[in-house]
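See structure below.
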């Protein structure tokens, strides 16, 4: 049998999984994750996660949108089709502002959605944890910590023993079927 | 909703022995002395520009009034949305808005002086003086077509009535919200919450009307030729920015007081305040720019002159207001906007820095909106534009009214509890997180 994807420890309550997550972080694991049916406040801190990188995508999208709006108006008014409208100059940053502003919002929103897909590696139609027989409970009333076998500190006996020390409801081996 | 949700024992922080009475009394004395000094300036006038001390008086009050109006709006918005996280912050606003009646008193001399005085050369609201020469026009105010058309609104009797109405609305709302919230501390009666929410629903409309028309009466009518439908919204946005920044500074002060919010207030409260500050920074820019944009595009002389005054002298050369205008665009919008976009800047000393920054440029925004006026030099249409400058009355009024507002806050904070201990959402607020 090939190497498993990882070990899963099942917990009955949010506080239990919260404390387990802290212990896993303190033990120094890097490739692991927590599965909960709803967001748990403070879980990011307990897992030691850094802040999301999505705002950077939003900002870049916004800047591109603003520049696109201004450059379009500048190119059209100054070179492509110069036309005097209402006695105004061919280009000024004032009158095309609504165009640039709306494009800022539009592309910032696209940047946010795109950034969310990229950082979450979406779309993801398959994940090895789906092979777990109680997977449905993870979207309803149970909580789980999964330590992947790809982690440097992972060893079949020691990791199982470590998870036992967290007092989970059960421990399961997760296999990655696609690799079989 | 249950009627007993006491999270904190009422005996925990006994209101009786909360003493900072002497310090607050000092603020009252300093405030009165500085306002008396300003009054000397108001009555002796200024030779080169007789109306300038009067304008300084308007500036000094407007700065603090805008803060209190912003705080009153914020209180009502939080009641309307039944906000949980903000309950401990709301109490600081309740302490602050108790100063409305004092501001009404400080404003009163302006109303009396402008209506009663025989020689109106020192009054910047030149529409009150039918003999005044219209700057850049022909003849006097009484013969001015634009004044004649607007005379139904811009009448002195109606002006006094409106002054009473504005301060009546602000004061009544502020005092009712205070009374009901303090009453809940003592009795734990949650009907105070329902009453407050109902009043906030009506109060938002009343306060919006009062604020809009006050801005039209006191600031916009300084150049009564002008038309703009966005002016009231500009003032609302400015009030919100000033109110939020002042609230943040108040929170920092109270967070350092043992009998204040020490150990109660959390970084999350400051972060959420920073988020609203960012939102209203964008809103202020949106409104201010839209007003400029519409007038720029329409290009009608009755509207554009107002912006031209803030850029050019009568002979077409650049004047001092051009620099102020640029300062507002870059330092009152771009700097706070980009600064507050960053997550880490919404905490601790970094948030305090930007709050002080915004308040400073809010004052400059008020200068920019209030001070520039065309001053007639002769009856042939020659005029000059009042340049940017800080007169000593501006300084004494700014500090004097500020001392009165701080005195009123400390007085209230010494008498009532630092947090509404029996508010049904107090637990939610104390455990606030992102």
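The values are calculated or read from the model by the stated rules, or taken from the named source; none is laboratory data. These numbers come from a predicted model, not from an experiment. Ideal geometry is used to build each Cβ from the backbone, glycine not excepted, and the neighbour counts take in all protein chains shown.
Any residue at all in the range B:241-249 that is touching a residue at least 40 places away in the same chain (Cβ under 8 Å), under 30 Å from residue B:158 (Cβ atoms) and away from chain A (no Cβ under 14 Å)? Yes: the range B:241-249 contains one or more residues that are touching a residue at least 40 places away in the same chain (Cβ under 8 Å), under 30 Å from residue B:158 (Cβ atoms) and away from chain A (no Cβ under 14 Å). Looking at B:271, B:296, which is the one that is under 30 Å from residue B:87 (Cβ atoms), outside any loop (DSSP other than H, G, I, E, B) and within 13 Å of chain A (Cβ to nearest Cβ)? After ruling out the rest, the residue left standing is B:271.
Here's the yes/no breakdown for (1) at pLDDT 90 or above; (2) under 17 Å from the mean Cα position of the chain (by Cα); (3) closer than 29 Å to residue A:5 by Cβ:
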residue: A:91; (1), (2), (3): yes, no, no
residue: A:96; (1), (2), (3): yes, no, no
residue: A:99; (1), (2), (3): yes, no, no
residue: A:106; (1), (2), (3): yes, no, no
residue: A:110; (1), (2), (3): yes, yes, no
residue: A:125; (1), (2), (3): yes, yes, yes
residue: A:138; (1), (2), (3): yes, no, yes
residue: A:143; (1), (2), (3): yes, no, yes
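Could we say that residue A:66 is away from chain B (no Cβ under 11 Å), surrounded by 15 or more Cβ atoms within 10 Å (Cβ to Cβ) and within 30 Å of residue A:90 (Cα to Cα) here? When the stated conditions are applied, residue A:66 passes them. Might you let me know whether the range B:256-267 holds any residue that is part of a helix (DSSP H, G or I), within 14 Å of chain A (Cβ to nearest Cβ) and modelled with pLDDT under 95? Within the range B:256-267, one or more residues are part of a helix (DSSP H, G or I), within 14 Å of chain A (Cβ to nearest Cβ) and modelled with pLDDT under 95. The selection criterion, being free of Cβ contacts under 8 Å to residues at least 60 places away in the same chain and surrounded by fewer than 23 Cβ atoms within 10 Å (Cβ to Cβ), does not hold for residue B:61. Please verify whether the range B:155-166 includes one or more residues that are part of a helix (DSSP H, G or I), under 30 Å from residue B:43 (Cα atoms) and in contact (Cβ under 8 Å) with a residue 60 or more places away in the chain. Checking the range B:155-166: not a single residue is part of a helix (DSSP H, G or I), under 30 Å from residue B:43 (Cα atoms) and in contact (Cβ under 8 Å) with a residue 60 or more places away in the chain. Consider the range A:82-103 and keep the residues that are more than 8 Å from every other protein chain (Cβ to nearest Cβ) and not in a loop (DSSP other than H, G, I, E, B). The one that is surrounded by the fewest Cβ atoms within 10 Å (Cβ to Cβ) is A:102. Consider residue B:59 carefully, then state whether it is at pLDDT 95 or above, over 17 Å from residue B:426 (Cα atoms) and within 20 Å of the chain's Cα centre (by Cα). So residue B:59 fits the description; yes. Only one of the numbered conditions (1) under 34 Å from the mean Cα position of the chain (by Cα); (2) buried (at least 16 other Cβ atoms within 10 Å of the Cβ); (3) modelled with pLDDT of 95 or more is violated by residue A:74, and that is (1). Of all the numbered requirements in (1) closer than 20 Å to residue B:364 by Cβ; (2) in contact (Cβ under 8 Å) with a residue 60 or more places away in the chain; (3) surrounded by 16 or more Cβ atoms within 10 Å (Cβ to Cβ), residue B:323 misses one, and that requirement is (3).
Take residue A:33 and decide whether it is in contact with a helix residue (DSSP H, G or I) (Cβ under 9 Å, 6 or more places away or on another chain), over 30 Å from residue B:285 (Cα atoms) and away from every other protein chain (no Cβ under 14 Å). When the stated conditions are applied, residue A:33 passes them.
Can residue A:111 be described as surrounded by 12 or more Cβ atoms within 10 Å (Cβ to Cβ) and either outside the structural domain of residue A:37 (by TED's automatic domain parsing) or touching a strand residue (DSSP E or B) at 6+ places or on another chain (Cβ under 7 Å) (or both)? When the stated conditions are applied, residue A:111 passes them.
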